[in-house]
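Scroll down for the structure; my scribbles are underneath it.
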Ligand code: ADP
C-alpha cells in the first residue's frame, strides 16, 4: 500500500530532446490514476521512470514517502504489466506466475499458495498447466496480471495493457482490471492513449501533451470543466465541436457570432462583465455533441444540412454542417438515414465552453 509522488520530473534524451517536461502529480494510497494523451506525449517514459526502467534526468519520485531515484527497480516494490504480456513461452502458466517469487527465493509452499490465490481471483485456475501458446490474448493478459499480483507489490504499473486485444475483449478486461483494483485495494498507475479507458477506469486522470501535464482531475470534472481546448477535444467521444468567431459581451453573458456570420448564440455567463476580450484574441466555442438539440422547436434554432447519419441503436450520430461549418450531434432522436432536407438545431447554451487563446474562461 503506498502513495506515489512525482515532483518536477523531466526526461531529456540525447542531451537535448526533452520528452517529459517538469511533470508533477500525487497519487494517494489505493488510488487508480490514469496517464492519458496522444502517442509520443511522454506517458510511458513517465511510467518507466517510476518503475526505474529509465533514468530520471531531473526531479524526484517518492513511493510511500521514500525517495526512489537511486533505488534499483527490483527494490522499488512495484510490478509492471506490459502491452505484449512478456510471458516466457517455454514455461507453463503456473511457472510464469511463480517465476518472480522463485527468484526472490520465496518458499515452495508460499509460491503454491500465492499462485493459486491469484489464479482464483483471475479465474484462470484451469489454465495453470498450459503453455502461453495455448492461450487466447485475454487469457495471456490475465496471466500477466497474475504474475504481478503474486508479488503483492506496493504499486501496480500498467503500460497500455489492453492495446493488443480486440474491442470487445478490451471492454471486458477494462472492467476486470477495475474490479481487481477494488478487490486488492492497491495503488495503480495506468498508461493509455485511449480516453475511454481513462474515463471509465481512473479515479483521477492526468492528461499530457508534448511532455507537459495539461490537467489533473476526476473524469467527470475533466469532461465538464476542461482547462483548455486540447483537453476539451481529447476527452469525450465523439469529440467536442469547435466553432471560431467573434465574441461580444452582453448583459449576463456573451453573444458569439460564428466566423462567417452563419449563426449567433447567446451564452449565459455571470462572469462575462469581468472578462477582458481583445480584438486580437483567438476565440473558439466548444459544444459537446450531446449539447446540440436536433429537430429543435426553439425559436433560436438554426437550419443545418445533413451530411451523414450513423445509427448506433440507442442513439444516432448526425454529421451536419451550417454553411460548410461541420459538426456532430449525438441524439436519441432517430431520423430516417436517407433524409435529404435540412434539420433544425439549437445549442444548449448553458453547457457551451469558451476558449480564448486555447485556454478556457
Ligand atoms: P507515449 O507513451 O506517450 O506514447 P513515450 O513516453 O513512449 O510516449 O515517448 C515520448 C517521446 O520520447 C517520443 O517522442 C519518443 O519518440 C521519445 N523516445 C522514447 N524513448 C526514447 C529513447 N530511448 N531515445 C530517444 N527518444 C525516445
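None of the figures in this text is laboratory data; all of them are computed from the coordinates on show. A quick note: this is a predicted structure, and the numbers were derived from the prediction, not measured. Here the Cβ positions follow ideal geometry from the backbone for every residue, glycine too, while neighbour counts run over all protein chains shown.
Listing for the model above:
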quantity: Cα-based Rg / Dmax (Å) for the stretch 51-199; calculated: 15.6, 47
quantity: For peptides 33-39, 263-269, 179-185, sequence by mean Cβ density within 10 Å, most packed first; calculated: 33-39, 263-269, 179-185
quantity: Relative packing of 353-361, 245-253, which averages over residues the other C-beta atoms within 10 Å, highest first; calculated: 353-361, 245-253
quantity: Equivalent ellipsoid semi-axes, the stretch 190-252, via Cα gyration tensor eigenvalues times 5, rooted, Å; calculated: 25, 12, 12
quantity: Binned Cα-Cα distance frequencies in the stretch 15-70 - 10 Å width, integer %; calculated: 20, 57, 22, 2
quantity: With 10 Å bins from 0: P(r) over the stretch 205-361, alpha-carbon pairs, percent; calculated: 10, 38, 34, 16, 2
quantity: Counting all C-alpha pairs of the chain, share separated by more than 33 Å (%); calculated: 43
quantity: Whole-Å semi-axes of the stretch 111-190's equivalent ellipsoid (Cα gyration tensor); calculated: 18, 18, 10
quantity: Residue with peak Gaussian network fluctuation, the chain [Cα springs, cutoff 10 Å], from 106, 192, 92; calculated: 106
quantity: Cα centroid separation, the stretch 53-115 to the stretch 152-196 (Å); calculated: 17
quantity: Cα-based equivalent ellipsoid, the stretch 156-196: semi-axes from gyration tensor eigenvalues, Å; calculated: 18, 13, 7
quantity: Stretchable slack from residue 55 to residue 321, in nm (0.36 nm times residue separation minus alpha-carbon distance); calculated: 90.8 nm
quantity: Segments 95-102, 25-32 sorted - mean Cβ within 10 Å per residue, highest first; calculated: 95-102, 25-32
quantity: Taking all pairs of distinct alpha-carbon atoms in the stretch 1-133, Kirkwood radius in angstrom; calculated: 17.1
quantity: The chain: calculated mean residue ellipticity at 222 nm from DSSP helix runs of at least 4, using -39500 (n - 2.57); calculated: -7000 deg cm²/dmol
quantity: Gaussian network model of the chain, Cα within-10 Å springs - most flexible of 59, 313, 42; calculated: 313
quantity: Potential lengthening between residue 106 and residue 259 on full extension [0.36 nm per residue; Cα-Cα distance subtracted]; calculated: 48.3 nm
quantity: If the convex hull is drawn through the Cα atoms of the stretch 152-278, its volume per residue in Å³; calculated: 171
